[in-house]
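Undergrad: I'd like to ask you about the structure that follows.
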C-alpha cells in the first residue's frame, strides 16, 4: 500500500439502456484495491501503485468486463468507462468480489442487503414475502405466524422506518400482518439496517428498511398463482422510457361463492408500478405508484365487524448528475394511509395519514472521502378518531410539520480504518385541537389545543477497523427521535395499525444506540458477524393497557423509559450448491415507568434461524428453514376468586368467578420451533420459463402457542391454547416470459 | 487479538444477561362484608352476614365455599359485633357450623358512625377496613298494594319517591315481576336490569324505555341505597379494575339499604 499513486476513474452504464449502474464492483484483479460505483455510476480508484493490472467491472446480472490497464507513473489519471451487457447467469466470482468490496466499503454496522435470488429461494408460507425473509436475519424477531411485523433489537414495529423509493410507508402489511405489501419482483434492492443507521434516515428509533422499486427491463413479464393469490407483472423499455407494473390480488372472495354458498369476507390487492424517463444522459426522472388495500367485512356472516386499510404512494424523483463527482437527487411524494375498524355501533376507529414530503440529497463521492448533505420537509395530516358509544368520541386531527437538514462525511484516512460521521437537525411542530365529545348528544366535553415545538439534534458515528484483510471490528453510536407511535396492545400480539403523532402530553420518543461488532469475510464471499448492542430509550410510549374509554382524560399511552440489549450472531454461506445462513439473536427488552416495569411482549430471549437452499442441478432446488425461538412473555391467568354480591332481584347471596391476572408479561409461552421445507423445478421453453414449487410449512406439525385462555365452564378450569400455523402444504406455479 | 475480542464479546453478553422468572400464584383473602340496612322492622335490627373466602390457583379444583376458623369483628364508637360461623340448635342442644365461610351476627348500624372491620384469618394474617353505612331507606310513593296505571305516560309519569340517604353513592331501582323465580324466564331480560339515579325519585316511564311492561300483574318495586364502597365494588360506574377497600386481598366492607313495595300495574 502507498499513500501516493495513480488514479483510475470513470463511469459504468447499461449497454442497452445507457443508464448508470450503481453498486457495480470495480477492482484490480489480484489486489485489494477496489470500489463500487455510486448512484450515478461513477467510480474512482485512488492511490494505485504503478504497474500493469486487470481492471474488472462486475455486477450481478451483467457480463463481467476485464481490461488490461497500464499505469506508467503514480501521478497519472486514467479514465476508463464501461458499458455492461446483461447476462442471465450470475458468475460466482462476481459475487465474491462484490461481497469483498461491500465488506471493505461498508462502514455502518448491522447492515444487510438481500438480493432477489435469496428472496426467491427460501421456503414460502403460501406466498414469497420480503418481511418473512427479513425475520430470519439476526436481531429480528416476530410475535406470531400471523404477523410479519418486524421486531428489531427490542424495538416495536412502529420504530422501523419503511421506505419505498424514499417515501415512508405507514403500514406495509396485509390483514393480520400475514404478508407484507411488497411483491418480490417489484423490488430491485433492499437495504435493511437493524441499528445505528446513518443520518440520512430520521424520525424512527430502531431500524430502516429501504426498498427500491425494480428498474424497468426489456419487454417481459410473469404470471404466478398460489393458494392465496394471483400475481403478475409486465415491464418494458422504449427509447428513453421504461416502465414496470406488478399486481397481486387474492381471489377467495370471488371463487368461493361460485362453489359454496358462502361470501368470503376478505380480500386484498397490491399494485406497484414504476416509470423512468432518461431526459438527458445526466438527467433522469422516475416515478413510483403504489397502492395496497385490505378489506374485511363480516356483515354477510351476521357479524357486525368490519376493518380495512389502504396505502397509496406516489413519488416523483429527479436524479441530476452535476458533473464529476457531484450528483443531486430531489424527491417529491405523497404517502397516504387510511385504516378503519368497526365493531357494530359500539366502537369505530379511524386513522388517516396524508404525508406530503420533499426531500433532496447532494453527494460528492470520492474514493476516500464522500460528503452527503440532504434535507427533508414532511407536512403530514394526521387524523385519529374513536367513537366509543355510549361513552365518548375522541378526535385528534392536525398537520404536524417535520423538517430536517443533515450532513454526513464518510472518510477513509487509512487503508485499515474508515468512519462515517453525521449530524441531523430536525424541527417538529405539532398543533392539535384535542376534542372530546359525547357521542350520544354530540356535546363537546372538552377542547384543549396541544402544541409541541421541538428541536431535535441527532449525531451518529460509525467506524470500522480492519484487523486483517478478512477481519474487521466496527462500532456505531447515535441518538434517534421519533415523532409518532402506533397503538399496540400487548395481549393482541398484532399491531392495530393505528398511528398517533407526538402531541401535547406525548413527547417525541428517543433512543440511543451503542453497537460494537466483529466480522469475518471468508474466501468465497461468505460472512460471519457478531454484534453486541445496547439501546437506551430515555422516552418511550407504550399502549396504556388500563385505558378507560369512559375517562375524559383518556391517555392512550403510558410514557416511560426502556432498554434493550443483546447480541446478534450470523454466519452465511454465499457460494456453492448449498447456500443459506444461520442467525442467532440473544435479546432483552424492558419497559420502565414510574408505576410499571416489565419485559415487553416481544422480549424473545433466544432466536435461531437456519436456512439453506441446495441446487440439485437440472433446475431442481430444495430448501429448508428451521426456526427455534424461546417463549414470548404474556400476561396470563394465575388464579381466581369468587366475587360475592347481593342479588337484589332474588334476594339472595350469589357469586361469579373473577380471574387473577399475572403481572404484565410475567409469564412465558413454551418455546417456538418450526421446520419448513420446499422444492422447485423449472422448465425452460422458447417462450420463457415455467416454475412449479411445493412447500410444507411446519413439517412436524408442532403446536406453537399464540395465546392461552381458560375454559371456566370446567372445574377446575382448563387451559386451552390457540395455536399458530399447523402442518400446511402449498403449491405454486409461475410462468415467466 | 481476534480471540480476545470474541472472548470480550461473550463476556459482555454474560454480564448483560438477567433471568426472568415466571410470576407465581399466591393466595389472598377475599372478604365480602356487605351490611344490609332494612327499614321494615324498626329499630332495623338485622342478621348480618360476612363472607370470608380466599383466592385459588387457577389450576386447583375448588371444593370449598370459604374459610372456617376466622375471627371476624365489626365495631363502631359504642358497639362491637363479633361474627361467628356456628349456631346453637336448642332442639338438639348442639353447636353446628354454617356453610363454610359464612359468619353471622345480629347487628344494628347507624349512619353517623364510622365502623371498623377486622378479620383475623386462619393463617397469620389480618384484613381491616372502614366504612360508614347508608341511612335506612323508605319508599314514599307508591304505597304498598297500590294499583298503578301508567297509560298516561309520558305526560303524567308515575314516580317512585323515597327519602334521601346519607353515605350513599347512588340509588338502584328494580322492577321485578312478583312471581316465582322459575317464571322469570317468561319475561324480557331487560325487565330485570337495574336502573340508577342520584335523585330521590324515578319515573316509571324511564323504566319502560328499557322494556315494555306486561300489564295487569303484580310487581315488586325495590330501591336500594348503595354505599360508595359497594358501588365501586360492583362496578356501577363503568368498567375498570375490581375495587376493594380492604387492607389486603379482594372484597369490600360497605352497606346497602333496601325497601320495596308490591304494586299492581295496569295499562
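Undergrad: Rounded to two decimal places and with Rh computed the Kirkwood way over Cα pairs, what is Rg over Rh for the range A:355-425? Could the numbers behind the result be given before it?
TA: On the way: Rg = 21.0 Å, Rh = 15.5 Å.
Ratio value, two decimals: 1.35.
Undergrad: What does the convex hull of the Cα atoms of the range A:225-265 come to per residue, in Å³, rounded to a whole number?
TA: Spread over its residues, the Cα hull of the range A:225-265 gives 72 Å³ apiece.
Undergrad: For the protein assembly as shown, what is one quarter of the convex hull surface built on the Cα atoms, given in nm²?
TA: Numbers: hull surface 198.5 nm².
So the mean shadow area of the Cα hull is 49.6 nm².
Undergrad: Could you compute the FRET efficiency for residue B:125 and residue A:723, with r as their C-beta to C-beta distance and R0 at 41 Å, rounded to 0.05? Intermediate results must be reported in sequence, preceding the final value.
TA: On the way: r = 41 Å, r/R0 = 0.99.
After rounding to 0.05, the efficiency reads 0.50.
Undergrad: Run the simple label-point estimate for residue B:186 and residue A:690 please: 7 Å along Cα→C-beta, distance reported in nm.
TA: Output for this residue pair reads 7.4 nm.
Undergrad: For a quick check: sort A:256, A:332, B:137 by the number of other beta carbons within 10 angstrom, fewest at the front. Please report the intermediate quantities before stating the final value.
TA: Values: A:256 13, A:332 16, B:137 24.
Fewest to most other Cβ atoms nearby, the residues stand as A:256, A:332, B:137.
Undergrad: Given the range B:29-132, what whole percent of its Cα pairs are spread farther than 17 Å?
TA: Values: 3070 of 5356 pairs.
In whole percent, the share of Cα-Cα pairs in the range B:29-132 beyond 17 Å is 57.
Undergrad: For the pair residue A:405/residue A:681, report the inter-label distance in nm, with labels modelled 7 Å from Cα in the Cβ direction.
TA: 6.4 nm
Undergrad: Here's something else I'd like to know. Hey, how much of the P(r) for the range A:239-369 falls beyond 18 Å, as a percent of Cα pairs? Each step should come with its number before you reach the end.
TA: Numbers: 5888 of 8515 pairs.
Summing the P(r) tail past 18 Å for the range A:239-369 gives 69 percent.
Undergrad: Taking the simple approach of a point 7 Å from Cα along Cα-to-Cβ for both residue A:302 and residue B:57, what is their distance in nm?
TA: Here the modelled spin labels are 4.3 nm apart.
Undergrad: From the C-alpha gyration tensor of the range A:240-296, pull out the three semi-axes of the equivalent ellipsoid (sqrt of 5λ each), sorted largest to smallest, in whole Å.
TA: Equivalent ellipsoid semi-axes, largest first: 39, 10, 4 Å.
Undergrad: Still on this model: What does the helix-only formula give at 222 nm for chain A: each DSSP H stretch with n ≥ 4 adding -39500 (n - 2.57), the total divided by the residues, and the result rounded to the nearest 500 deg cm²/dmol?
TA: -1000 deg cm²/dmol
Undergrad: Here's another thing I want to ask about it. Output the peptides B:94-106, A:305-317 sorted from most to least packed, where packing is the average of other Cβ atoms within 10 Å over each peptide's residues. Display every interim value, and only then the final one.
TA: Numbers: B:94-106: 14.6, A:305-317: 18.8.
Result, highest mean first: A:305-317, B:94-106.
Undergrad: Based on DSSP, what percent of beta bridges with both residues in the range B:139-266 are antiparallel, to the nearest 5? Working shown, then result.
TA: On the way: 26 of 29 bridges.
That works out to approximately 90 percent antiparallel.
Undergrad: At R0 = 30 Å, how high is the FRET efficiency between residue A:663 and residue A:454 if r is their beta carbon distance? Nearest 0.05 is fine. All intermediate terms of the calculation are to be shown ahead of the outcome.
TA: Details: r = 34 Å, r/R0 = 1.12.
Working from the Cβ atoms, E equals 0.35.
Undergrad: Quote the relative contact order of the range B:139-266 in percent (integer), defining contacts as alpha-carbon pairs under 8 Å separated by 6+ residues. List each step's numbers first, then the result.
TA: Numbers: 239 pairs, mean separation 44.4, N = 128.
For the range B:139-266, the relative contact order is 35 percent.
Undergrad: Separate question: Kindly give the semi-axes, whole Å and largest first, of the ellipsoid equivalent to the range A:211-629, taking each as the square root of 5 times a Cα gyration tensor eigenvalue. Intermediate results must be reported in sequence, preceding the final value.
TA: On the way: eigenvalues 296, 195, 144 Å².
Sorted largest first and rounded, they come to 38, 31, 27 Å.
Undergrad: Please give the helix A:92-105 orientation as an angle from the longest Cα principal axis of chain A, in degrees from 0 to 90, rounded to the nearest 10.
TA: 80 degrees
Undergrad: Here's a follow-up. Determine, from the Cβ-Cβ distance of residue A:673 and residue A:285 and an R0 of 41 Å, the FRET efficiency 1/(1 + (r/R0)^6), rounded to the nearest 0.05.
TA: On the way: r = 49 Å, r/R0 = 1.20.
The formula returns an efficiency of 0.25 here.
Undergrad: Still on this structure, please answer the following. What length, rounded to one decimal in nm, is gained on full extension from residue A:735 through to residue A:223, with 0.36 nm per residue of separation minus their alpha-carbon distance?
TA: Values: separation 512, 0.36 × 512 = 184.32 nm, distance 0.52 nm.
The residue A:735-residue A:223 span can extend by a further 183.8 nm.
FYI, it's all coordinate maths here, none of it is from the lab. Here the structure is a predicted model, which means the values were calculated and not measured. When we count neighbours, we look across all protein chains shown, and the Cβ atoms used for this are built from the backbone with ideal geometry, even at glycine.
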